[in-house]
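> Before I ask anything, let me first share the structure, which is written out below as structure tokens.
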Amino acid sequence: MDVFVSLCKRRGFVFQSSEIYGGLGGFWDYGPLGVELKNNIKQDWWRAMVQERDDIVGLETSIVMNPAVWEASGHVDTFADPLVDCKSCKRRFRADDLAAGDRAADSPHGQGQAVDVSGVRCPECGGELTEARMFNLMFKTYIGPVEDDASVAYLRPETAQGMFVNFDNVVTSMRRKLPFGIAQIGRSFRNEITPGNFIFRDLEFEQMEMEFFVVPGTDEEWHDRWIQARLDWWLGLGVRKEMLKLREHDKEELSHYSKRTVDIDYDFPFAGFAEVEGIANRTDFDLKAHSERSGRELKYFDEASGEHIVPYVIEPAMGVDRCFLTVLIDAYAEEEVKGEKRVLLRLNRKLAPIKVAVLPLSRNEKLVPTARKVWDLLRPHFMTQYDDAQSIGRRYRRQDEIGTPLCVTVDFDTLDDDAVTIRDRDSMEQSRVPVSGLVEALRDKLEGG
Ligand code: GAP
């Protein structure tokens, strides 16, 4: 992990938040390559969940909502974890993490239930632990100039509630019929007791969630369909099949709203198999809770039967940051080429932050302007990078290390034949193509590869 985390920083994927002030645990900044990778992940999810489907629409809701939302959803009462402190070394732990042992990196939030830690000692120093006390994970803030109970608000801990409270608005404005879904990508905040494992568990992160509203009675079938569809999406990102597995939640582990939840787990080097996405059957819990609390009926009128029904909800929910970590770890490879170590990211081409690098063979005064012209030609079509510093071999290695699928080399022959060499990241094979057909050739390779 250390080598990998250092690559992420050195190559501009992820930086510690406010690093010059010593950082802030659980908060991260995404560098120039990180932001590209993140955007590509989000775009691919949006394409699969909204663009390519005829039954799902998108939404973007505010981070701070009326606090009644979180009372109705159950978050004010139950979105809490049991916290213990070591009386000797003063370290702080989640009591359920200590009880979970191997799955500690992946403990789901504790549903507001206390955990008995009598007889358990501090895992760091063996010291005595305090009794567990409950700690709500929602970040509190205040609206307006007076910080009193009446002005309390929360930063959302999930994007889902924005979709539930807008159910009626979407049905009416978009004339939706069941089954249909609402998808959203946005920031969520959780005051995690034990953030860590790089960007695996953060206090500020991005979620991609979709609430799929179905006729009660068809929910179990839709749930199975969505589990398969979501697993296929992960495989479509190029994540190795053997590194993913489905995991059914035990009854005690289920969230307060869930009838059944299946996680997609990835085999992380620091934690073993841990959740990257959860697919829950949330039943009619949320719509009913918001109807009761708000006094606004959140029902669907079924013209066929003439009945008003409260739909059940299937929810695939995942984190962008955790997906980012998964695809990078999965793509990371080291191999030996001609006696030298080659580090590369075998990122799926659709995810690679830079698609094409333009490299003149050297900084020769004739080659550089020609290479820059080639770069000008490519920039409107692909995310590109231009690099003329150091030997061509080192520049290939640099591009391998950031996962660039294709390099275009401009050499002295280019000045005569107006052709360039395309070099493939994975096979390292090279092919010669005329500059006039370069955009087409690159597109073929990116889409076909
Ligand atoms: N609306 C349901 C929900 O939020 P969750 O299992 O708590 O369910 C869904 O979160 C996904 O969000 C997780 O699978 C994970 O990928 C991501 N996630 C949750 N907490 C996170 C955290 N503290 N840091 C990074 N990602 C997180």
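The values are calculated or read from the model by the stated rules, or taken from the named source; none is laboratory data. What you are looking at is a predicted structure, and each value in this text was computed from that prediction instead of being measured. Because the Cβ atoms are built from the backbone with ideal geometry, glycine has one as well, and the counts that use them run over all protein chains shown. For the accessible areas, the whole protein counts, side chains as well, though only heavy atoms, and no ligand, DNA or RNA atoms are used. Shrake-Rupley method; radii C 1.70, N 1.55, O 1.52, S 1.80 Å.
> Can you bin the stretch 366-442 into rounded, prolate or oblate? Criterion: square roots of the alpha carbon gyration tensor eigenvalues sorted a ≥ b ≥ c, rounded for a/c under 1.5, prolate for a/b above b/c, oblate for the rest.
In terms of gyration-tensor shape, rounded.
> Working from the alpha-carbon coordinates of the stretch 218-346, get Rg over Rh, Rh being the Kirkwood radius.
1.16
> Between SER305 and VAL57, how high is the FRET efficiency from 1/(1 + (r/R0)^6) when r is the Cβ-Cβ distance and R₀ = 35 Å? Nearest 0.05.
Computed FRET efficiency for SER305 and VAL57 comes out at 0.90.
> Could you work out which residue, out of GLY126, GLY34, GLY181, moves most in a Gaussian network model of the chain, that is, has the largest mean-square fluctuation with Cα springs under 10 Å?
GLY126
> Just to confirm my numbers, what's the Cα centroid distance between the stretch 299-318 and the stretch 176-202 in Å?
When both Cα centres are located, 23 Å separates them.
> Measuring from the lowest to the highest alpha carbon on each principal axis, how far does the chain reach, largest first, in angstroms?
76, 66, 49
> Counting only Cα atoms, I'd like the Rg/Rh figure for the stretch 8-98, Kirkwood definition for Rh.
Checking Rg against Rh, the ratio lands at 1.10.
> For every other residue with a beta carbon closer than 11 angstrom to the beta carbon of ARG94, add +1 if it is Lys or Arg and -1 if Asp or Glu, then tell me the sum.
Around ARG94, the surrounding residues sum to -2.
> Skipping prolines and chain starts, which residues have an amide H placed within reach, meaning under 5 Å, of the one on PHE15, given they are 5 or more residues away or on another chain?
The answer is ASP29, TYR30, GLY31.
> Here is a further query. What number results when the radius of gyration of the stretch 209-291, computed over Cα atoms, is divided by 2.2 N^0.38 Å?
Scaled against compact globular proteins, the figure is 1.19.
> What number, rounded to the nearest 500 deg cm²/dmol, is the helix-based mean residue ellipticity at 222 nm of the chain, given -39500 (n - 2.57) per DSSP H run of at least four residues and division by all its residues?
-8500 deg cm²/dmol
> How about the stretch 114-153: which trypsin sites (Lys or Arg not before Pro) there are in a DSSP loop, with at most 16 other Cβ atoms within 10 Å of their Cβ?
Loop-located and lightly packed - ARG121.
> Right, here's the next one. With a/c under 1.5 counting as rounded, go ahead and sort the stretch 400-449 into rounded, prolate or oblate using the C-alpha gyration tensor (a ≥ b ≥ c being the square roots of the eigenvalues; past the cut-off, prolate if a/b is larger than b/c, else oblate).
oblate
> Only loop residues by DSSP count here, and only those with at most 16 other Cβ atoms within 10 Å; note down the GluC sites (Glu not before Pro) in the stretch 118-164 that meet that.
The qualifying sites are GLU124, GLU128, GLU131, GLU147.
> Which far-off residues, 5 or more places away or on another chain, put their amide H under 5 Å from the one on GLY181, with H placed in the peptide plane?
For GLY181, the qualifying residues are ILE56, VAL57, PHE213.
> A follow-up question, please. With θ set to phi - 60°, apply the Karplus curve 6.51 cos²θ - 1.76 cosθ + 1.60 along the stretch 367-381 and write out the HN-Hα couplings as whole Hz, x wherever there is a Gly or Pro.
Result, ordered by residue: 6, 4, x, 5, 5, 5, 5, 5, 4, 4, 5, 8, 4, x, 9 Hz.
> Separate question: With both bridge residues required to lie in the chain, what share of the DSSP beta bridges run antiparallel, to the nearest 5%?
85
> Where only protein heavy atoms count, and the probe is 1.4 Å, what is the accessible area per residue for the chain in Å²?
On a per-residue basis, the chain sits at 47 Å².
> What shape does the stretch 108-185 have by the C-alpha gyration tensor, where a ≥ b ≥ c are the square roots of the eigenvalues, rounded means a/c under 1.5, and otherwise prolate means a/b greater than b/c and oblate the rest?
Judged from the Cα gyration tensor, the stretch 108-185 comes out oblate (a/c at least 1.5, b/c at or above a/b).
> Roughly speaking, to the nearest percent, how much of the stretch 255-294's 1.4 Å accessible area is carbon and sulfur?
The nonpolar share, carbon plus sulfur, comes to 46 percent.
> Related question: Would you please put 399-407, 333-341, 437-445, 264-272 in order of how densely packed they are, using the mean number of other Cβ atoms within 10 angstrom per residue and starting with the highest?
Going by the mean number of other Cβ atoms within 10 Å, highest first, we get 399-407, 264-272, 437-445, 333-341.
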